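What follows is a single structure, written as C-alpha cells, with notes after it.
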Amino acid sequence: MPETSTSALPAALTEHRRRPVRTVPAGFWIIVLGVVAAALVAVFMTIELRGNLGYALPRRAVKVGSMILVAYAVGVSTVLFQTVTANRILTPSIMGFDALYVLIQTVLVFALGGGALLSLGAPIRFCLEVLLMVGFSFLLYRWLFTGGGKSLHLMLLVGIVFGTMFRGFSSLLQRLIDPSEFIILQDLFFASFNNVDAALLGYSAAAVALVSAVAWRMRHSFDVLALGRETAVNLGVDHKRAVTATLIICSVLVAVSTALVGPVTFFGLLIASLAYQLCAKFRHASVLPIAVLLGIIALVGGQLVLERVFDFDTALSIVIEFVGGIVFLILLLRGNVK
C-alpha cells in the first residue's frame, strides 16, 4: 500500500477497497435516519397507550432509554474498535466480552444458586459484571501494550483464545448445574429490554456519558488513527496512548451495555456495516451518528414489531443475531474487507 502524505489526508480518509453503495451526503442520511428513529420512538411510546398513564409511560420510557443506550454504546464501540484494529469484520465481542458475561453468570449460579443470584440485587450484580469485564480488558491491554514485541494482532489472538476458554469453562459448569437452575441461567444469556431496572439505566447512562466525554476530546484523533500507525505517528499522534485509550473506551461501553441487557454479539457488526455502506466518506463524524441511528431504528423498530406482530413469541436478540450472523458470513466470504 503506498504511503500517505499529510497533503493527501482528506483523500486517504475516503479511500477503501469497497466503494460505498450510496453517494449522497452523509448529512442527508443523518437527517432521514434521525426522523425515522424519532418517529419510531414516538410510535413505541404512544401506540395502544391506555389505562394508567403514570404506570405505562415510565415503563415504556425505561425500555426506550435502554434501547437507545445500547444502540449508542454498541455502535460507537464497534466503529472505534474497527478503527484501531483496521478491520471491518472484527467487533469487541471477538475479545471474549460476551463469553466472559456468560461465564460470570454461570459461575454465580453454580456457586450461589439461581435463587441466591436473583436475590443478590440488580445493582450489585451489574457493578460486579461491569468491573470484571472492564478489569479483564484493562489487564489484557496493559500486558499487551507494555514492553517490546507486543502488537494489536497478538491482542486479538489472545482475546479469541480467552473467549474460547471462557465458553469451554462455562459449558462444563452448565453441565453440572441443576436443570431447574439452568433454566434461570438460560434466560440471562439473551439480551432483553423488558425488565431493565430504571436505577441501572441511570448508572449506565452516567458511565456512558463519562467515557463519551473522553471520546469527544479525542474526536480529531480517530480519523488519523484510521490511516495507520506510521501515518498517525508522522502527524503527531501518540499512537500507543490513543489506541489504548480507545480500547478502554470500547471496553467500558461494551461492558455497560452487556451488563444492562445481555450480550448482542453481531448487532455491532450489523449496524457498523450498514453505516459504512451509507457513507460516501468514511469519516467518524459521519459513520458514528449513522451507526447509532441505525441501531436505534433496529432495536426500537424490532421491539415494536415483536410486541405488536409476534406478541413476544421470540426475543429480539435472536432475530438480530440471526441477521448479523448472515452479514458476518457474507463479509467473511467476500474476503476483501480489511
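The values are calculated or read from the model by the stated rules, or taken from the named source; none is laboratory data. It should be emphasised that the depicted structure is a prediction, and the values quoted were computed from it without experimental measurement. Cβ sites come from the backbone with ideal geometry, for glycine too, and all protein chains shown count toward neighbours. Quick note on the areas: whole protein, heavy atoms, side chains included, nothing else; ligands and nucleic acids left out. Shrake-Rupley method; radii C 1.70, N 1.55, O 1.52, S 1.80 Å.
Listed values, structure above:
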{"quantity": "Pairs with Cβ under 7 Å, 6+ apart, first in the range 99-112 and part of a helix (DSSP H, G or I), second open to solvent by 10 Å² or more (accessible area, probe 1.4 Å) and among the charged types (D, E, K, R)", "calculated": "ALA99/ARG167; VAL109/GLU181"}
{"quantity": "Test: residue in the range 260-282 that is more than 30 Å from ARG167 (Cβ to Cβ), in contact with a Gly (Cβ under 9 Å, 6 or more places away or on another chain), open to solvent by 30 Å² or more (accessible area, probe 1.4 Å) and part of a helix (DSSP H, G or I)", "calculated": "no"}
{"quantity": "Qualifying residue in the range 69-84 (condition: open to solvent by 40 Å² or more (accessible area, probe 1.4 Å), of a type in the set (A, V, I, L, M) and closer than 25 Å to ASP197 by Cα)", "calculated": "no"}
